[in-house]
Amino acid sequence: MQHFPCPFCGLRNETEFHFAVEAGHSRPEPAERVSDAEWAAYLYANKSPKGESREVWLHLSCGEYFILSRDTVTRAVLGSVTLPGVTR
Amino acid sequence: MTGWRHQTLGRNIDRSKPLRFSFDGQDVDGFAGDTLASALIASGQRILGRSFKYHRPRGLWGMGAEEPNAVLDVRHGSEHWPNTRATLARAQDGMTVTSVNAWPTARGDMFRLMDLAHRFLPAGFYYKTFMALPWRFYEPMIRRMAGLGRVDPSCAPRADVAQVSAECDVLVIGAGPAGIAAAKAAAETGKRVWLVEESSQLGGTLRWRGGEIGGTPWQEFAAATREIVLAAGGRILTETTLWGAFDHGSFAAWERGVPERHWRIRSTRTILASGGIERPVWFANNDLPGVMSAEAAFHHLILYGAAPGRRVLLAMASDRGVPVARALTDAGVEVTLVDARKTPVDCGVPRVTGRIEAAHGRRGVDSATVNGKRIACDTILCAGGTTPTLHIWCQAGGKLDWDASRDMLVPRPGTAPMTVVGAAAGVLDLETAVEDGWAAGSEIEATNRPAPKSPPDHVFRPDPSLPGRQWIDLQNDVTLKDVTLAAREGFSSVEHLKRYTTLGMATDQGRTSNFAGLTAMAAVTDRTIPATGTTTYRPPFQPVPLRAIAGPARGALYHAPKRLTLEDMHRAAGARFREYGGWLRPATYGAGDETTVARIEAQTARQSVGVFDASPLGKLDVIGPGAADLLDFTGYVRMSTLKPGRARYGFMLSETGIVYDDGVVLRLAEDHFLVSTSSSHVEGVRYRLEDARQDRIGRGRVFIHDITQGFTTLTVTGPKAREMCRKAGIELPDLPHMGVGQTSFEGSPMRVARISFTGDLSYELSVPANLAHALHDRLDTALPEVGGCWIGLEAVLILRAEKGFILIGKDTDGATMPHDLGWGGPRTRREDEYIGKRSLFTPEAQGDKRRQLVGLRVRDGDAVIATGSHLIEDQGARRSLGFVTSSCFSPTLKRPIALALLENGRDRIGGSVQVFNDGEVRSAEVTMACAFDPKGEYLDG
């Protein structure tokens, strides 16, 4: 079982987490000016890198989303940070 | 009858405590401390099972998880363990032990004639033979003959294996010399060390081979290790199978003792000292009972006083066999060494240079051919070399390298996050193993030693030039010829070889056979061993009962449903409970046929009043200046325009435009909303709201709080709802339809909402859970006065279907968009951004063949339409236009009603379709989804 670091709660078992989305995709807006192709790319086109990746994960226990950097081959966790713009 | 018990040897048995169990109907005597294996050998039992395919007699081979033959069915009291390895089970008084894959007994197995047909049962026999006729014709017969133990369904094991999570600094796997040295060294540096051992004692091979560690007798060293590990806060788990290595230093272990426990261990550092397993030696009929691992014979002799025979041949090619021969000689066994080396060392035991070519005997070894000469013997011991046990290493991602100088596959350093020491790392020399273990435990570099350069004098391999059948895999009946055949037929990859011949499968997972299969395949295909490769190692290391892994999580506890605060009250009223969306809720009240009862309840609710427990509906508090913005963005229907004190029905979409959830949003104050979700979607909706809150609206502007379980909601519905509340002493605020207000109940505020899921006048009464029973009692007393009753979910589902109110996931599917449900308004009018908006305007979303929600009215009789029936055109080719999503008999309308998703459904209203189910076709009229009171005249009572 993998061990993921929630930036708010610390190391927890992977069963407490859900993958949310690949990081770095910004939502194209407004809808009226977004082409079908752009929208489809936003919804479905992922880089799915082999190796280092940045992903948004949700820690189900505390309800916080955060960015997790990890290696998809070795499963090494490289770090985690809060979403940009988080104010507490 | 060749095995016997030595008078004095046997460190592990207590001769003052005899015990008796039965094996295939015969009594077997043993002593406390015996394993089934040692008791069976000592009592002279030789044939312990029949082979998997040819039903050949098989005896004991080994001493642990590698045992391929002695797989037994064990019953003791109410417990039953099919497929128990005799080497791993402690003998207990009164056990009933039977052989598997044999009938009636292993000795007199009726299927033994199968062996005569071996010429016709080559590798891949089933694939080749049973292709012509349907497999189902043969399957029942083959299934009966195949397999080992049988599960007895009447014997339900207890669900009491505790599941424990633990952490340690250093995990040491295996308590042989290298393992205990590592554990002691690590504990001395103050680390919390966990030492996990498969057998019941520390010491590994030293327990029978004897020896010193760093000048101390090994027993003293083991005792000192135990002491210091415990003193440093560590733990020693014996009789524990460490069965799996997983990510980030996590391991699973099954402790077989009392109490039985299943551990999930997370370690910072791991030292693998899992030892090695002795290889067989290959000659014709090397599967006969009486052919045994030399190390295992040594082990059984010293620990249990169990000797396998009186006249023993010991085949070997290294000095590791010598102490075995000496110990047996000292115990009074006549031993002859058959040494394959050209220049053997004299060791004082009678010795022949050469090799065993064949074993002979019908039910067990009675002689052997050595260098072409027949020699009488009753036992052949094999010391064919050592294979490091590296399952855990490979499970953790470790790679193997071929080391020709040691004739074994050894771990490639740095490929898995653990340190391997001792025999597992290919180090068979005691002193070096201990030194390596110590270095690993204290985290210092091991002193560099020159590795032996020259390859061993002689290595054992299966030899195709010998006549007769040489067995590679005893458990799966794979011979050298099968491997050759597989190679000839193109299955030359080891993974294919495994699937084609089943070599290396089943309980022993090829511990004694994989190496031979690999080297044989390499030889046949003229490849090197590294080029041939190894099969993949996966957990578990050896069979672990699912009972141990599942623990108490089964039956009602497997996926425990949520329970209502008022469950006891509903039960007292005769409710039948069922799970709906993760909640255990009343289906109907009272006895009688469920469908009939549900119809009566529904009818009562339409005529007077019905009360149901609506507490599972999700309740999410959304509070703050950004609350309206948040709900506008996450919802399809705008909520910022809602006035405080009012409620509005809306949807939540996915970004793909698909309807994710529906529900009513109540605006309690300018900056306070209560979002009511489907009962099974509370968490999902909460996380979607959190997503938008954290990523878009701002954490400081809005808060989300799940208060679902803090409140009990009872819904009073029916024309007499108002009267009934009055009789119950509840002062209702003056509310319009979709109005929300507050009243006082027992001194606390009670929320009252006029939201109708039934089409009748309805009041949702919500109180804090601590007032649930009081509210229940009040309503329960008033109910009979107005001729009402409690209604279960089945009746509620009828009432909502009559109104055409949908259930997400039942009346919608993974392609349903809001305009398919008749909610096209926000799509065409909203100019601001919301989740899923763009997807509602793709060519697909704007297509003219979308499946839309409609109602159906059958024209032929009162039979209910089957849910899931396909809808097809009246004429022309049969093509599915959609399907029936909900269907029931409406007691109010006195006819069957149904909801369906139908291609272009709204344009077809008034027309007809055919309903196709299981070959039967009925005709139906397409109607509006709402079958009852389309104008809403009943909403005000």
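If contacts are Cα pairs under 8 angstrom and at least 6 residues apart, what is the relative contact order of the stretch B:278-385 in percent?
With pairs under 8 Å counted, the relative contact order is 38 percent.
Just how many % of Cα pairs in the stretch B:532-608 lie over 20 Å apart, if you round to the nearest whole percent?
Value for the stretch B:532-608: 58 percent of Cα pairs lie more than 20 Å apart.
Might you report the magnitude of the Cβ-based charge dipole of the stretch B:622-713 about its Cα centre, with Lys and Arg at +1 and Asp and Glu at -1, to the nearest 20 debye?
Charge dipole of the stretch B:622-713: 300 debye, to the nearest 20.
How many angstrom lie between the C-alpha centres of the stretch B:140-182 and the stretch B:543-585?
Answer, in whole Å: 27.
Per-residue accessible area for residue B:810 at 1.4 Å probe radius, Å² rounded to 10?
Accessible area, nearest 10 Å²: 90 Å².
When Cβ neighbours within 10 Å are restricted to other protein chains, what is their mean count per residue of peptide B:690-696?
For this peptide, the per-residue mean of nearby foreign Cβ atoms is 5.
For chain B, with all protein chains present and a 1.4 Å probe, just round the carbon and sulfur fraction of the accessible area to a whole percent.
53 percent
Hey, got the average number of other protein chain Cβ atoms within 10 angstrom for residues in A:31-39?
So the per-residue partner count for this stretch is 4.
Between residue B:376 and residue B:559, what is the label-to-label distance in nm when each label sits 7 Å out along the Cα-to-Cβ direction?
Output for this residue pair reads 6.8 nm.
Note down the accessible area of residue B:54, probe 1.4 Å, to the nearest 10 Å².
My reading of the accessible area for residue B:54 is about 10 Å².
Which of the three applies to the stretch B:461-525, rounded, prolate or oblate, going by the alpha-carbon gyration tensor with a ≥ b ≥ c and a/c under 1.5 meaning rounded?
Since a/c reaches 1.5 but b/c is at least a/b, the shape of the stretch B:461-525 is classed as oblate.
Give me the tail of P(r) for the stretch B:278-385 as a percent: Cα-Cα pairs with distance above 22 Å.
Within the stretch B:278-385, distances greater than 22 Å cover 20 percent of Cα pairs.
Any chance you could check the Cα centroid distance between the stretch B:688-760 and the stretch A:1-64 for me, in angstrom?
Using only Cα atoms to place each centre, the spacing works out to 34 Å.
If you take the charge dipole of chain B about its Cα centre, with +1 on Lys and Arg Cβ and -1 on Asp and Glu Cβ, which of B:660, B:343, B:130 is farthest toward its positive end?
Looking along the dipole axis, the top candidate is B:130.
Taking R0 as 25 Å, what FRET efficiency do you get between residue A:71 and residue A:41 from their Cβ-Cβ distance, rounded to the nearest 0.05?
0.50
Just to confirm, what accessible area per residue do you get for the stretch B:461-525 at 1.4 Å probe, in whole Å²?
33 Å²
Looking at the square roots a ≥ b ≥ c of the eigenvalues of the Cα gyration tensor of chain B, which shape do they give, rounded for a/c under 1.5, prolate if a/b is larger than b/c, or oblate?
Because a/c hits 1.5 or more and a/b exceeds b/c, chain B counts as prolate.
Express in nm, to one decimal, how much length is gained between residue B:362 and residue B:404 on full extension, taking 0.36 nm for each residue of separation and deducting their alpha carbon distance.
11.3 nm
Placing unit charges on C-beta atoms (Lys and Arg positive, Asp and Glu negative, everything else neutral), compute the dipole magnitude of the stretch A:3-82 about its Cα centre in debye, rounded to 20.
240 debye
Compare the peptides A:55-65, B:793-803 by average per-residue count of other Cβ atoms within 10 angstrom and give them in order, highest first.
B:793-803, A:55-65
Just need the relative contact order of chain B here, percent rounded to a whole number, with Cα pairs under 8 Å and 6+ apart.
Contact order relative to length: 9 percent.
What does the average come to when, for each residue of peptide B:832-842, you count the partner chain Cβ atoms lying within 10 Å of its Cβ?
Other-chain Cβ atoms within 10 Å of each residue's Cβ, averaged: 4.
What 222 nm value per residue comes from the helices of chain B, counting each DSSP H run with n ≥ 4 as -39,500 (n - 2.57) and dividing by all residues, nearest 500 deg cm²/dmol?
It comes out at -6000 deg cm²/dmol, rounded to the nearest 500.
Can you compute the FRET efficiency between residue B:862 and residue B:935 using 1/(1 + (r/R0)^6), with r the Cβ-Cβ distance and R0 = 25 Å? Round to the nearest 0.05.
0.45
Restricting to bridges with both residues inside the stretch B:197-309, how much of the DSSP beta-bridge set is antiparallel, in percent to the nearest 5?
If I count the DSSP bridges inside the stretch B:197-309, around 100 percent turn out antiparallel.
Going down the list B:373/B:498; B:727/B:894; B:720/B:803; B:619/B:935; A:47/B:849, which pairs span over 24 Å between their C-alpha atoms?
Checking Cα-Cα distances, B:373/B:498; B:727/B:894; B:619/B:935; A:47/B:849 exceed 24 Å.
What spacing in nm lies between the two simple spin-label points modelled at residue B:159 and residue B:143, each 7 Å away from Cα in the Cβ direction?
With each label point 7 Å from Cα toward Cβ, the separation is 2.6 nm.
I need the chymotrypsin sites (Phe, Trp or Tyr not before Pro) found in the stretch B:782-832, filtered to DSSP loop residues with at most 15 other beta carbons within 10 Å of theirs.
none
Once you treat every alpha carbon in the stretch A:3-82 as an equal point and sum by Debye, what is log10 I(q)/I(0) at q = 0.14, 0.26 Å⁻¹?
-0.53, -1.19
Using only Cα atoms, locate the centre of the stretch B:269-304 and the centre of the stretch B:797-829, then give the distance between them in Å, rounded to an integer.
Comparing the Cα centres of the stretch B:269-304 and the stretch B:797-829, I get a distance of 68 Å.
With 46 Å as the cut-off, how large is the P(r) tail for the protein assembly as shown, expressed as percent of Cα-Cα pairs?
For the protein assembly as shown, the share of Cα pairs beyond 46 Å comes to 49 percent.
Suppose the chain between residue B:833 and residue B:737 were pulled fully straight at 0.36 nm per residue; how much longer would it get relative to their current alpha carbon spacing?
31.6 nm
Please report, ordered by residue number, every helix of chain B (full DSSP H runs) that is 18 Å or longer along its axis going by C-alpha atoms and whose mean Kyte-Doolittle hydropathy reaches -1.0.
B:218-231, B:594-607
Would you mind putting B:33-42, B:502-511, B:368-377 in packing order, based on average other-beta-carbon counts within 10 Å, highest first?
Per-residue mean Cβ counts within 10 Å order the peptides as B:33-42, B:502-511, B:368-377.
Sort B:577-585, B:527-535, B:280-288 for me by packing, meaning the mean count of neighbouring Cβ atoms within 10 Å per residue, highest on top.
Sorting B:577-585, B:527-535, B:280-288 by mean packing, highest first, produces B:280-288, B:577-585, B:527-535.
Applying 1/(1 + (r/R0)^6) with R0 = 35 Å to the Cβ-Cβ distance of residue B:152 and residue B:11, what FRET efficiency is obtained, to the nearest 0.05?
0.45
To the nearest 20 Debye, how big is the dipole of chain B about its Cα centre, given +1 on the beta carbon of each Lys and Arg and -1 on that of each Asp and Glu?
1560 debye
Amide H neighbours of residue B:508 under 5 Å, at least 5 residues apart or on other chains, H built in the peptide plane: list them.
none
What nm distance separates the two modelled labels at residue B:319 and residue B:22, each placed 7 Å from Cα along Cα→Cβ?
Inter-label distance under the simple model: 5.1 nm.
The values are calculated or read from the model by the stated rules, or taken from the named source; none is laboratory data. Keep in mind that what you see is a predicted model, and the values were worked out from it rather than measured. Note: ideal-geometry Cβ built from the backbone for every residue, glycine included; neighbour counts use all protein chains shown. These accessible areas exclude ligands, DNA and RNA; they are computed on the full protein's heavy atoms, side chains included. Shrake-Rupley method; radii C 1.70, N 1.55, O 1.52, S 1.80 Å.
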